[in-house]
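The values are calculated or read from the model by the stated rules, or taken from the named source; none is laboratory data. A quick note: this is a predicted structure, and the numbers were derived from the prediction, not measured. Here the Cβ positions follow ideal geometry from the backbone for every residue, glycine too, while neighbour counts run over all protein chains shown. Accessible surface areas use protein heavy atoms only, side chains included; no ligands, DNA or RNA. Shrake-Rupley method; radii C 1.70, N 1.55, O 1.52, S 1.80 Å.
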Amino acid sequence: MATEVQVFQTSLYETDFVRWVETTVEQLRNQEYASVDWTNLIEEIEYMSKRERKSLKSNLVVLLLHLLKWQHQPECRSGSWKGSIREHRRRINDDLKDSPSLKPYLQEVFAECYMNARLQAADETGLPIETFPLDCLYTPVQSLDTDFLPE
C-alpha cells in the first residue's frame, strides 16, 4: 500500500505539479505524514533556497550593469536605465527584507556579480573592457542606495 502511494505521488509530481503541491499541503495540514512525498518535498524546499540566491545574483548583475552603463555612457542615459536601476534595487532590497540571511550572501557574491556585469557592460556598450575598472568602485551599500548614481 505504501508503495502504491509513493508511485502515485511521484507520478502526480511529474504530471501535475500544482496538484502535487496542493495534495502535499493538505496531507501536512491533516498530519498525514506517512502519505507525504518526502523525497520530492525535500528537493523542492532545497530548490527554493537556491532559487532565491539565484534571483538575488541575477538582480545584482543587472543593477551593477546599469550602474556601469550610467557611469560610462553619460550621453546615453535614459529613463529606462534609471528605471531598471530602481527596479532591481527594489527587488534586491525586498529579498533582503524577506530573507535577512541573504545579506552575507550578497557580500559573498558581490565581486563575482560585478565581474559578470563588467563583461556584459563591455558587450552591450561596445566599449573596451578596460573602460570598466577591475574592482567595483561602488560598495554594496552604495549600490542599493536609492539616491546613489555614479557620475
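List of remarks:
- Placing Thr125, Thr15 in order of accessible area, with the largest value first and a 1.4 Å probe, yields Thr15, Thr125.
- As a fraction of the 1.4 Å probe accessible area of the stretch 27-94, surface on carbon and sulfur atoms comes out at 50 percent.
- Rolling a 1.4 Å probe over the protein chains gives Met115 an accessible area of about 70 Å².
- Here is how the number arises for the chain: DSSP H runs of 4 or more residues each give -39500 (n - 2.57), the sum is divided by the residue count, and the result at 222 nm is -25000 deg cm²/dmol.
- Kyte-Doolittle mean at least -1.0, axial Cα span of 20 Å or more - DSSP H helices of the chain: 38-72, 102-125
- Average accessible surface for the chain: 63 Å² per residue, computed with a 1.4 Å probe over protein heavy atoms with every protein chain in place.
- Contour minus Cα-Cα distance for Val18 and Ile45 (0.36 nm per residue): 8.2 nm
- Cα gyration tensor shape of the stretch 82-143, rounded if a/c is under 1.5, else prolate or oblate by comparing a/b with b/c: prolate
- Computing log10 I(q)/I(0) by the Debye sum over Cα atoms at q = 0.09, 0.11, 0.12, 0.21 Å⁻¹ for the structure here picks out one of (1) -0.45, -0.58, -0.64, -1.21; (2) -0.27, -0.41, -0.49, -1.55; (3) -0.32, -0.46, -0.54, -1.23, namely (1).
- Extension gain for the segment Tyr33 to Glu112, taken as residue separation times 0.36 nm less the Cα-Cα distance, is 24.3 nm to one decimal.
- In a simple Cβ point-charge model (Lys, Arg +1; Asp, Glu -1; nothing else charged), the chain has a dipole of about 580 debye relative to its Cα centre.
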